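So the structure is just underneath, and the comments pick up after that.
The values are calculated or read from the model by the stated rules, or taken from the named source; none is laboratory data. This one's a predicted model, so the numbers in the text were calculated from it and none came from an experiment. Glycine also receives a Cβ, built like all others from the backbone with ideal geometry; neighbour counts cover every protein chain displayed. Accessible surface is based on the protein model in full, side chains and every heavy atom, while ligands, DNA and RNA are left aside. Shrake-Rupley method; radii C 1.70, N 1.55, O 1.52, S 1.80 Å.
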Amino acid sequence: MIIVLKPGTTKEQADEILGKIADLGCKPLYMPGEERVVLGALGDERVLGSLHLENDPRVESITEILSPYKLVSREFHPHDTVVNIGKRSVGGETFAVMAGPCSVESHEQMSEAARVVKQGGGTVLRGGAFKPRTSPYAFQGLGVEGLEILQSVSAEYDIPTITEVVEVADIEAVQDRADALQVGTRNMQNYRLLAALGRCSKPVLLKRGMAAELKELLLAAEYIVSEGNPHVMLCERGIKTFGSEMRNTLDLAAVPYLKQRTHLPVIVDPSHGTGVRELVAPMAWAAAAAGADGIMVEVHPNPASALSDGKQSLFPEQFNELMVGLRRFAEAAGRRL
Ligand code: PEP
Ligand code: MN
């Protein structure tokens with residue numbers, strides 16, 4: 001950490017700060033200049049947070065050398081993490097395709113969706129049972145009944161599942177019936193939920209908050225990993241900007257940015273990222289080209305009748321076309337489908 005002191009700070013005041021740095025186990029450095037005194041702290045500077053130097057009236061600025069997150073950083077763990085969802089893996093050489101409807105609506109709908117996903121080459125079946133909807137009057141999901149449908153369809157088609165968990169009280173029900181748990185954009189900063197997911201054994205897909213910086217996403221992942229669950233995947237799903245043509249702005253630069261800074265798998269959701277079904281396949285291909293470890297897409301046997309997100313849901317034949325095109329992009333990026 002580099003600490004620039006305000007003009008007029010005395011040597012005694014600098015020494016007092018340096019003493020506190022040394023007490024916390026970092027090596028203190030004193031670097032007086034012509035106009036400013038600069039202090040340094042060598043070592044694991046994350047311990048210096050307790051000094052609250054940013055509040056110190058003698059301090060002009062602080063520059064951190066290490067990232068504020070640790071367990072999820074590549075500095076700490078250089079090799080790519082591979083997360084297992086049932087018998088499938090996410091990260092490493094394979095490119096994961098998580099697909100299915102926005103919501104679980106019925107056994108028949110999920111069964112047909114699973115058939116389409118499996119035949120098209122998808123690796124994980126998605127479907128929300130607990131739905132965080134903008135309007136309280138919109139379909140809220142089937143809850144536990146939806147989880148049970150997902151579970152039985154998973155066994156029928158031998159495909160692992162992922163579904164959203166919206167609150168701590170539901171974790172047990174979800175982790176008993178699904179292979180992976182999803183944290184939605186609205187809950188990325190629900191730290192109590194994240195910590196509780198850190199104490200469960202199933203993998204977690206953490207979606208980026210719709211107005212979250214990537215550093216905040218990484219710190220949110222750190223909450224889960226620091227509680228003991230290392231099986232975390234990050235998901236770029238679009239952020240709010242000023243345009244109205246698309247539901248969100250899919251931030252594809254987030255993919256290489258995250259891959260450079262974290263060992264966790266990075267997934268892209270072009271369905272929520274665009275909100276427009278015609279844009280989903282091209283953005284899925286772009287995600288593969290950008291180095292993503294997989295995609296999450298919404299596909300529905302009959303999008304016109306979907307109880308949520310029908311407009312962005314792919315028709316089965318569009319999903320098949322997406323998959324055919326995807327192979328070449330994934331291979332160009334060094335992945336296998
Ligand atoms: C979803 O995956 O259906 C969903 C609600 O996603 P998000 O949290 O990204 O809006
Ligand atoms: Mn959705």
Handout entry: From 72, 82, 104, 116, residue being surrounded by fewer than 18 Cβ atoms within 10 Å (Cβ to Cβ) and either hydrophobic (A, V, I, L, M, F, W, C) or free of Cβ contacts under 8 Å to residues at least 60 places away in the same chain (or both)
Key = 82
Exercise for the section: Report yes if some residue within region 299-312 is within 14 Å of ligand 1 (Cβ to nearest atom), open to solvent by 30 Å² or more (accessible area, probe 1.4 Å), outside any helix (DSSP H, G or I) and not aromatic (Phe, Trp, Tyr); otherwise report no. Expected result: yes
Problem - Residue match in region 36-43 (condition: open to solvent by 20 Å² or more (accessible area, probe 1.4 Å), of a type outside the set (S, T, N, Q) and within 19 Å of the chain's Cα centre (by Cα)) - result: no
Problem - Scope region 217-252; condition open to solvent by 30 Å² or more (accessible area, probe 1.4 Å), touching a helix residue (DSSP H, G or I) at 6+ places or on another chain (Cβ under 7 Å) and within 13 Å of ligand 1 (Cβ to nearest atom); matching residues - result: 247
Problem - Residue selected from region 161-172 under the condition under 24 Å from residue 123 (Cα atoms), without any contact (Cβ under 8 Å) to a residue 40 or more places away in the chain and not acidic (Asp, Glu), by the criterion most open to solvent (accessible area, probe 1.4 Å) - result: 166
Handout entry: Residue satisfying all of: in region 173-209; charged (D, E, K, R) and in a loop (DSSP other than H, G, I, E, B); most open to solvent (accessible area, probe 1.4 Å) among these
Key = 199
Handout entry: Among (1) of a type in the set (Phe, Trp, Tyr); (2) open to solvent by less than 20 Å² (accessible area, probe 1.4 Å); (3) out of contact with any helix residue (DSSP H, G or I) (no Cβ under 9 Å at 6 or more places or on another chain) - the single one residue 137 does not satisfy
Key = (2)
Exercise for the section: Look through 331, 245 and report the one residue that is of a type in the set (Asp, Glu), free of Cβ contacts under 8 Å to residues at least 60 places away in the same chain and in a helix (DSSP H, G or I). Expected result: 331
Exercise for the section: Quick one: count up the residues across region 260-279 that are among the hydroxyl-bearing types (Ser, Thr, Tyr) and within 16 Å of ligand 1 (Cβ to nearest atom). Expected result: 2
Handout entry: region 1-27, residues that are closer than 15 Å to residue 63 by Cα and either of a type in the set (Phe, Trp, Tyr) or more than 35 Å from the chain's Cα centre (by Cα) (or both)
Key = 5, 6
Exercise for the section: Return a yes/no flag: does region 317-336 have any residue that is in contact with a Lys or Arg (Cβ under 9 Å, 6 or more places away or on another chain), open to solvent by less than 50 Å² (accessible area, probe 1.4 Å) and more than 16 Å from ligand 1 (Cβ to nearest atom). Expected result: yes
Exercise for the section: Go through region 1-35 and give me each residue that's assigned to a loop (DSSP other than H, G, I, E, B) and under 13 Å from residue 45 (Cβ atoms). Expected result: 1, 24, 25, 26
Handout entry: Test for residue 273: is it at pLDDT 95 or above, open to solvent by less than 10 Å² (accessible area, probe 1.4 Å), in contact with a His (Cβ under 8 Å, 6 or more places away or on another chain) and within 16 Å of ligand 2 (Cβ to nearest atom)
Key = no
